[in-house]
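Contents: one structure, followed by commentary.
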Amino acid sequence: MASAEHTKQGFMLSKKHKAGLLNFLSAQGILVFFLICMFAFSLTSEQFLSQSNIMTVVRQASIIGIIAVGVTVVIIGGNLDLSVGSMLSFSTVLVVDLHDKIGPVGAILVMFALTLMLGALNGLLVGFMRLNSLIVTLAMLSAIQGLVLIYSGGQNVDIANQSDTWFGVFGQGYLLGIAVPIIIFSLLAIIVQVVMSFTGYGRRIFAIGGNPVAAVYSGIRKNWCVFSTYMISAFCVACAALVLGARVMGSQNNVGQGYELLVLAGIILGGTSLLGGAGSIWKTVIGVLILGFIQNGLLLMGYPYYTQWLVTWVIIILAVWLDLANKRKRLLTRHS
Amino acid sequence: MSAATVTQASDAPGKAEAPILSLVNITKKFPGVIALNMVSFDVRAGEVHALLGENGAGKSTLMKVLAGKHKPNGGQILLEGKEKVFDNPKRAKKSGIVLIHQEQSLVPEMSVAENIFLGSLPKKWGNLVDWKRLHRESTEILDRLKCSFSSKDMVSDLSIAKKQMVEIARALVFTPKVVVFDEPTASLTDHEKPVLYDIINTLREQGVGIVYISHRMDEIFHLSQRISVLRDGEYNGTVNTADTNEDEVTKLMIGRSLEFDHASKPKDFGDNMLELRGLTVDGMFRDVSFSVRKGEIVGMYGLVGAGRSEVAETIFGLRKPSGGEILLDGQVAQLRSSHEAVAQGIALVPEDRKDQGLILGMNCRDNMTLAGLETVSKNGFMRPAAEKTVYDKYQQAMKIKTPGWRQKVGNLSGGNQQKIVIGKWLHTQPKLLILDEPTRGIDVGSKSEIHALIKELARTGYAVLVISSEMPEVLGVSNRIIAMYDGKVTAEFDGDAVSEDALVQAITGQYVTSAGKPDDQPAA
């Protein structure tokens, strides 16, 4: 009996080690891919790996990144948020337009409040009324774009005296040599990652995404938790609007169009499952950066900007397929 | 029952007849684990050969090797004396080996006939479905199984037992030589089982070799001619059913014998912990009144669909009562959500551990602490050390077998999964513990451990409500038994002074007591 127990322990140990190595490799797969991309692009263009180019790419990617941080939380909770694109248009137009009317502080406060209200509406419909998140946020995507056009009367907005305001600092400023958008992006990513990994709140969101029924049967307030994920998403959109508005000091009324897909692309590329219950902010950050570097690399190689749409999605489908193949393989080798 | 065993055993060929199927020295390795080590097993035509073993002993793996779902690392499969290699499930099926699963794999929104012939619908005029032939052939198969429903019935309208018959009917399409039943009675009530037994016996008489996997000794002794036992992935012997008894088989299986003690039930209880007064949920159950005292185990017995789980869910705040009240510790409780129920000290170990009890993709520790996150966190931040302590405590107390806390619960066996769910609720230190079918699909070893645990919990002052469809379980653990039929409480019995007949009558609506009288109207 004792010896049987002993050998069993032995098996389990070696199993754990092997699984650990496999997990490590598959978890780092996306990072390996990232490094290969960087290497390939650096061969074709000398500027690609220059410090200024890298900083430019990261700064450009930070708007998508900031939004993706919030949407990742929604997705881990088992839902989708497609409304972020037009929400970004709404918030950017609002903050730029109000800047000259009520001053930067008031504009920022009002913009955050109204954006959060849109998030609350999403949260109400998905969390409390339990409507399908795909349909709700798709409807919101269209509805909010309508709202923006009504508000702006179809006009683009801008800030008249751009040299008289400190507002531009959020998009153009530097702190200790680092661009402010990158700082905002990094801070948000770190804070949200810490919340998701180390707090009870994060644990609950993972549980809801993993099995919403079992989460409710464990006494978790699912409605509130789902609601809160949409509030986080909206908060991130508001931050992104601040950066975007301050960088351009003006806004087209459809400035956020297509962002929802880019955000989703970054998240999928990073490897967060759209089924919920798994994923991380780190993965999303890496996914968003890969996206940024691919686009930048293609531009430096002289391809027109629209090729990036094609290439990006081909890569995403490849990534999803590889991920699935990997999962199937693991399913087959693991006994149930 | 013994008479039946003897006659069946005499039907079986006693002499060494060539088996229809032999598995010889099958070895299956998974990364780091030897799931099967040189296991041999054979089935003769026209016999029921029971395969026994604790959860994780390798029964399911062996059957998956047989059905072509797993590729063995060594050994041979001989069908009618010829070596076969099944590299996919389809080939195994075509050769006449059919697996009937624990989990049902029917398409609910299709007719019985379509389900039976799913993937091999008869065609005419090129690629159109030949509906006439489909229903004719389906009806033939259903007749063979003596089924009472039509091939045109919708699967979603059938009871669980009838759904299982559809699964079996599906197996007959391929004129099987060997049929494997993997825990076929796990979701059947005592009532529905004889129908399944009849089908198995019909198949056996038609010369089919049957492998029967179950945790239930009574079934195995009732049905089988031979019993083989697996333990920790190794073959541990075959016995003739007629020459053995439950105790001997249990010893083969777990290396010790089990004692099922009815005697050690305490008699003094505290005040009412839970009291229901005329609790009603429209369309589910009505006018349900009973109480559970501190230190008492109350069993709730009834058929699937009698409203038992719904009562539990209402107490747990998941359903809104349309009438009546719930009193907790003497106070009327307003429970609007599971969150409030947990806060008030109610715990529910739900019926379906995979869908309701666990986050399968999460690890053991995180599942264990999920219902009591406040106690293992500080200012909202998790304290990993505290979590580990909680996990270790219940892992040791309940002897949960896992390679470590990082293991995903989806990879554990049923018994260990159930212990994690129970541990999760013990951690919340509830006043009232409700267990809905606590041992469904769990091997006898884990089962008796869970029963012992339930009794121990009651002894330490928990008020426990156990819902079960298994009479031995209800009789074995309960101090008092509430019988439910068609959404109503039909009778209440003293757990030590109740006859099985009275219980069966009570749950089928034929028993009249002061507690409630059955009538012909279904619950509103």
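The values are calculated or read from the model by the stated rules, or taken from the named source; none is laboratory data. Bear in mind that the values here come from a model prediction, so they are computed numbers and not experimental data. Here the Cβ positions follow ideal geometry from the backbone for every residue, glycine too, while neighbour counts run over all protein chains shown. Accessible surface is based on the protein model in full, side chains and every heavy atom, while ligands, DNA and RNA are left aside. Shrake-Rupley method; radii C 1.70, N 1.55, O 1.52, S 1.80 Å.
The set of residues from the stretch B:383-395 being facing another protein chain (nearest Cβ under 10 Å) and open to solvent by 20 Å² or more (accessible area, probe 1.4 Å) comprises B:Arg383, B:Pro384. A Cβ distance below 6 Å, combined with a sequence gap of six or more or placement on separate chains, defines the contacts here; from the stretch B:240-267, residues that are more than 19 Å from B:Ala452 (Cα to Cα) and surrounded by fewer than 14 Cβ atoms within 10 Å (Cβ to Cβ) reach residues that are modelled with pLDDT of 60 or more and not β-branched (Val, Ile, Thr) in the pairs B:Asn240/B:Arg226.
Taken together, B:Lys123, B:Lys90, B:Lys94 contain a single residue that is open to solvent by 80 Å² or more (accessible area, probe 1.4 Å) and touching a residue at least 60 places away in the same chain (Cβ under 8 Å), which is B:Lys94. Considered as a group, the residues in the stretch B:291-319 that are within 27 Å of B:Ile160 (Cα to Cα) and of a type in the set (D, E, K, R) include one that is least open to solvent (accessible area, probe 1.4 Å), and that residue is B:Arg308. Looking across B:Gly461, B:Gly476, B:Gly487, one residue alone is open to solvent by 30 Å² or more (accessible area, probe 1.4 Å) and in contact (Cβ under 8 Å) with a residue 12 or more places away in the chain. It is B:Gly461. Pairs meeting the criteria (first residue in the stretch B:301-319 and more than 12 Å from chain A (Cβ to nearest Cβ) and part of a loop (DSSP other than H, G, I, E, B), second residue open to solvent by 10 Å² or more (accessible area, probe 1.4 Å) and aromatic (Phe, Trp, Tyr), beta carbons under 8 Å, at least 6 apart or on different chains) are B:Leu303/B:Tyr485; B:Ala306/B:Tyr485. Of everything in the stretch B:396-443 that's open to solvent by 30 Å² or more (accessible area, probe 1.4 Å) and touching a Lys or Arg at 6+ places or on another chain (Cβ under 6 Å), which residue is farthest from the other protein chains (Cβ to nearest Cβ)? Checked the stretch B:396-443; the qualifying residue farthest from the other protein chains (Cβ to nearest Cβ) is B:Trp405. In the stretch B:365-381, of all residues being assigned to a helix (DSSP H, G or I) and among the hydrophobic types (A, V, I, L, M, F, W, C), the one that is farthest from the other protein chains (Cβ to nearest Cβ) corresponds to B:Met368. Step by step: first the residues of the stretch B:327-364, then only those that are crowded, with 22+ Cβ neighbours inside 10 Å and more than 10 Å from chain A (Cβ to nearest Cβ), then the one that is nearest to the chain's Cα centre (by Cα). Which residue is that? Step by step, filter the stretch B:327-364, then rank; the result is B:Cys364. Filtering the stretch A:214-249 to residues that are away from chain B (no Cβ under 14 Å) and part of a loop (DSSP other than H, G, I, E, B) leaves only A:Met249. B:Ser120 meets each of the listed conditions (1) closer than 30 Å to B:Ala18 by Cβ; (2) more than 25 Å from the chain's Cα centre (by Cα); (3) of a type in the set (Ser, Thr, Tyr) apart from (1). Does at least one position in the stretch A:160-176 carry a residue that is under 18 Å from B:Met368 (Cβ atoms), hydrophobic (A, V, I, L, M, F, W, C), in contact with a helix residue (DSSP H, G or I) (Cβ under 6 Å, 6 or more places away or on another chain) and not in a helix (DSSP H, G or I)? Checked against the condition, which is being under 18 Å from B:Met368 (Cβ atoms), hydrophobic (A, V, I, L, M, F, W, C), in contact with a helix residue (DSSP H, G or I) (Cβ under 6 Å, 6 or more places away or on another chain) and not in a helix (DSSP H, G or I), the stretch A:160-176 yields no hits at all.
I'd like the residue in the stretch A:284-309 that is of a type in the set (Gly, Ala, Ser) and in a helix (DSSP H, G or I) and, out of all such residues, is nearest to the chain's Cα centre (by Cα). The extreme case among them is A:Gly287. Among A:Val73, A:Val96, A:Val69, which is part of a helix (DSSP H, G or I) and under 29 Å from A:Gly154 (Cα atoms)? Matching residue, one of A:Val73, A:Val96, A:Val69: A:Val96.
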